[in-house]
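Read the structure below first, then the notes.
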Amino acid sequence: MDHKRRTFLGIGLAGLGALAAAAVGWPLFRYLAPRSSREAAGKVVVPEGDIPEGGARFFEYAGSSAVLVRKRDGGLVALSAVCTHLGCIVQWQKESQDFLCPCHAGRFSTDGVVIAGPPPKPLAKIPFSVSGGNITVG
Amino acid sequence: MTLLKKIVDWIDLRIGVREIVRKELTGYLLPRNINAWYSMGSILLVAFALQVLSGILLLIYYVPDADKAFKSVSQIMNEVPFGWLIRMFHAVGSNMMVLALLLHMLSVLLMGSYKRPRELNWLTGFILFSLVQGISLTGYLLPWSQLSFWATTVATNSASAIPLIGPYLVEFLRGGVLVGPPTLGRFFALHVAVIPLLIAALIGAHLFLLKRTGVSTPPFGQPETPIPPPADSYRYEDHPGGIPFFPNYALEDLRSIALYLACFLAVLFFDPYLFFPKDAFIPANPFVTPAHIKPEWYFLANYQTLKLFPNELIGLSLQGAAMTFLALLPFIDRGRQRHPLKRPLFLACFIAGLLLWIGLGIWGHYS
Ligand code: HEM
Ligand code: FES
């Protein structure tokens, strides 16, 4: 009988302990959890005139880095600027019209396709629309 | 359970943990007539640990820059999830910790535990008390509110009454002629690094001394008077036949800590701004002095004393003398008797002093 009582009290105590731990742990987790980035996934508007032919423009998008490129033929591309190998930020090579990742010399075409080096996947494409001289990304 | 036992066995075989448990916990015997006041120390240890933890959490979002400090604290309060909880925990916690410290000191005074051979314990405790006052004073500036700014202006200014070096000392404390960005820099360093380390070191010394002298026997309800400590040799005060620290007194400690947390959290959740006058919500403005700038409650008596005397030096000297007297009390009051009712002169001074402190505080609050 006494044994049962003990077990019951033990379980009760453990339950209270767990409750207290949750009451401390949850606010602590929320306090430390990253904010901004994804929730602020607003759209980014870039004036069309900002990007010359054969040029690129880097900007922050959804808490990460992205790039807009105007190809020589006038077409626009929006890509994630994060290298698919180990996450460095790719650089636009104006002369060769491609992206170079400075970390391990990965190369991507204007459309983000891997040309050389270790990157396993193409750069992610980002949707965008053009209207009234403005490019709206996202 | 058997796995746990195996792990403990494995460790025990190497470093003899069970012996430590036997010597320091289950075999660590305390006087049979020990009372709840002896758990104030455990409460203070927990309170300090909680200040360190909540302080480190605040450091994640707090910016120690005169232009950004107030905004960063507002952000902690209004935008960071549960930031208000961490911030109020730290701010209310500092007040509760001072209160616990005062109660600890009062109980030690009343039970005469500061007497031989525990003079050094009292002395380290007294330094701890000063350090806690220092950490509160420096922390008070950090939110860079009107209250912060002007309370620090007044507090640092009182040092100017010291002859000769006074004015320079004030400038040195502030890092400039007036309180300003340089003051925030030094107070921040003091508050988050220097003083916490000093406090930790002194807590270490305080506990070490306790370990060497042994716990005192309370003067209340004891059947026979304990053997007085020898005058010419060291003796550890042990308590054969006493109650074990673990689990008996550890549970009492736990209960006291729970009671402390209950009071603390009651203030935190039901009256969070108890210690926040409205100037705490206005950013510092060096060109506008608010009307009634008052220090925190535990500095009110000092504040009122300074106001009472037309000559600041007299007020300051009186306080210095009182503090020195308190610090050296065990060397002044050297009688062996520890029971308060058998020390009428002491008891009268104790009550008068306490009433004076409270009276000056209330007067300071309403003046
Ligand atoms: C390592 C330990 C500590 C760290 C890292 C720390 C850190 C901080 C920080 C960043 C602030 C500014 C944010 C705010 O105002 O809420 C602050 C404020 C403050 N701290 Fe600490 N602290 C520590 C320990 C303590 C201790 C032990 C006490 C007092 C017993 C204390 C008392 C205060 C006070 C009174 C304030 C101003 C509160 C306010 O008006 O909001 N701190 N502390
Ligand atoms: S990270 Fe880009 S090539 Fe390695």
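The values are calculated or read from the model by the stated rules, or taken from the named source; none is laboratory data. Just so you know, these numbers come straight off a predicted model, no measurement behind them. Here Cβ is always computed from backbone atoms with ideal geometry, including for glycine, and neighbour counts include all displayed protein chains. Just so you know, the surface numbers come from the protein's heavy atoms only, side chains and all, with ligands and any DNA or RNA stripped out. Shrake-Rupley method; radii C 1.70, N 1.55, O 1.52, S 1.80 Å.
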Checklist entry - Any residue in the range B:209-221 that is within 30 Å of residue B:242 (Cβ to Cβ), in contact with a strand residue (DSSP E or B) (Cβ under 7 Å, 6 or more places away or on another chain) and surrounded by 19 or more Cβ atoms within 10 Å (Cβ to Cβ)? => result yes
Checklist outcome for this item: In the range B:38-63, anything among the small types (Gly, Ala, Ser) and loosely packed, with under 15 Cβ neighbours inside 10 Å is listed as B:49
Item to check | Residue count, the range B:228-244 (criterion: open to solvent by 90 Å² or more (accessible area, probe 1.4 Å) and within 29 Å of the chain's Cα centre (by Cα)) | outcome: 1
Checklist outcome for this item: For the range B:64-76, the count of residues that are open to solvent by less than 30 Å² (accessible area, probe 1.4 Å) and either within 20 Å of residue B:268 (Cβ to Cβ) or facing chain A (nearest Cβ under 10 Å) (or both) equals 2
Item to check | Of all residues in the range B:320-334 being open to solvent by less than 40 Å² (accessible area, probe 1.4 Å) and either under 23 Å from the mean Cα position of the chain (by Cα) or not charged (D, E, K, R) (or both), the one that is nearest to residue B:364 (Cα to Cα) | outcome: B:320
Checklist entry - Do we have residue B:295 as under 19 Å from the mean Cα position of the chain (by Cα), in a loop (DSSP other than H, G, I, E, B) and either farther than 30 Å from residue B:27 by Cα or free of Cβ contacts under 8 Å to residues at least 24 places away in the same chain (or both) here? => result yes
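Could you grab me the full set of residues in the range B:52-72 that are within 7 Å of ligand 1 (Cβ to nearest atom) and β-branched (Val, Ile, Thr)?
Hits for the range B:52-72 are B:52, B:56.
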Checklist entry - Among (1) surrounded by 14 or more Cβ atoms within 10 Å (Cβ to Cβ); (2) on the phi < 0 side of the Ramachandran plot, where does residue A:97 come up short? => result (2)
Item to check | Residue under evaluation residue B:274, criteria (1) surrounded by 16 or more Cβ atoms within 10 Å (Cβ to Cβ); (2) under 21 Å from the mean Cα position of the chain (by Cα), criterion not met | outcome: (1)
Item to check | Every residue from the range B:77-98 that is away from every other protein chain (no Cβ under 12 Å) and in contact with a Pro (Cβ under 8 Å, 6 or more places away or on another chain) | outcome: B:92
Checklist entry - Among B:174, B:116, which is more than 16 Å from ligand 2 (Cβ to nearest atom) and surrounded by fewer than 20 Cβ atoms within 10 Å (Cβ to Cβ)? => result B:116
Item to check | Those helices (runs of 4 or more DSSP H) lying entirely in the range B:1-80 with at least 2 residues touching a residue at least 24 places away in the same chain (Cβ under 8 Å) | outcome: B:40-61, B:69-78
